[in-house]
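Right, one structure below, let's go through it.
Read-outs throughout are calculated quantities, based only on the coordinates presented, and are distinct from any laboratory measurement. Since we're looking at a predicted model, the values are computed, not measured. Reconstructed Cβ throughout: ideal geometry from the backbone, glycine too, with neighbour counts over all protein chains shown.
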Amino acid sequence: MVKPDGVQRALIGKILQRIEEKGFKIVAMKLALMPVEKAKEHYVEHVGKKFYQDLVDFITSGPCVSMVIEGRGAITAMRKMNGATNPVDAVSGTIRGDLAIETGRNVVHGSDSTASATREIALHFCSGELVAYKRIDEEWLYE
C-alpha cells in the first residue's frame, strides 16, 4: 500500500515502477480514502499500543493506493524492497531508505506474512477485483 504521505508526495509512479521492474505482477489496485473502521481492522494487531490511534489517524488522513502483488517470494521480497519500518534504519535502495525520513511517514505498508496478506487483501478487495493474468515476461523471470 502507498500510504497518504506517498500519495501526497506523488510517489505512486516511482513505487509502482520498482514493483514492476522487479518482475512482480499487480493483480489489483485502487485509490481510496480508508474509512476509520477499516483502518482499525487493518491495524488490529496494534490495538492497545501507544501508537495505535496515530496509525489509524494517519492512514485515514488522505487517499491510499492499495495493491495486491503476485510473484514468487513476493511477501519477503516486498518487505526487503520497502526497507526497515524506521527509515533511518532502512538501507539506500529501499523505498523507505530512499524516500522517507520518519517512521510515522514511511510511505508504504506491506504485509508481513501470508496470513496478514490474506486478511488485508480480504479487507481491501472483493474477490472479483483481483485479475488473473500471465505477464508476457514470466518465462524470463522464473526458472
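Quick look at the values:
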| quantity | calculated |
| --- | --- |
| The range 70-93: number of residues that are buried (at least 16 other Cβ atoms within 10 Å of the Cβ) and either among the aromatic types (Phe, Trp, Tyr) or in contact (Cβ under 8 Å) with a residue 60 or more places away in the chain (or both) | 2 |
| The one condition in (1) β-branched (Val, Ile, Thr); (2) buried (at least 18 other Cβ atoms within 10 Å of the Cβ); (3) in contact with a strand residue (DSSP E or B) (Cβ under 8 Å, 6 or more places away or on another chain) that Thr60 fails to fulfil | (3) |
| Yes/no for Val7 being within 15 Å of the chain's Cα centre (by Cα), part of a helix (DSSP H, G or I) and closer than 21 Å to Arg96 by Cα | yes |
| Extreme residue, farthest from Met78 (Cα to Cα), among residues of the range 13-28 that are surrounded by 18 or more Cβ atoms within 10 Å (Cβ to Cβ) and aliphatic (A, V, I, L, M) | Ala28 |
| One residue from Arg119, Arg96 being crowded, with 17+ Cβ neighbours inside 10 Å, part of a helix (DSSP H, G or I), under 15 Å from the mean Cα position of the chain (by Cα) and free of Cβ contacts under 8 Å to residues at least 24 places away in the same chain | Arg96 |
| Residue match in the range 100-111 (condition: more than 23 Å from Gly62 (Cβ to Cβ) and out of contact with any Pro (no Cβ under 9 Å at 6 or more places or on another chain)) | no |
| The range 62-93, residues that are assigned to a loop (DSSP other than H, G, I, E, B) and of a type outside the set (Val, Ile, Thr) | Gly62, Pro63, Gly71, Arg72, Gly73, Gly83, Ala84, Asn86, Ala90, Ser92, Gly93 |
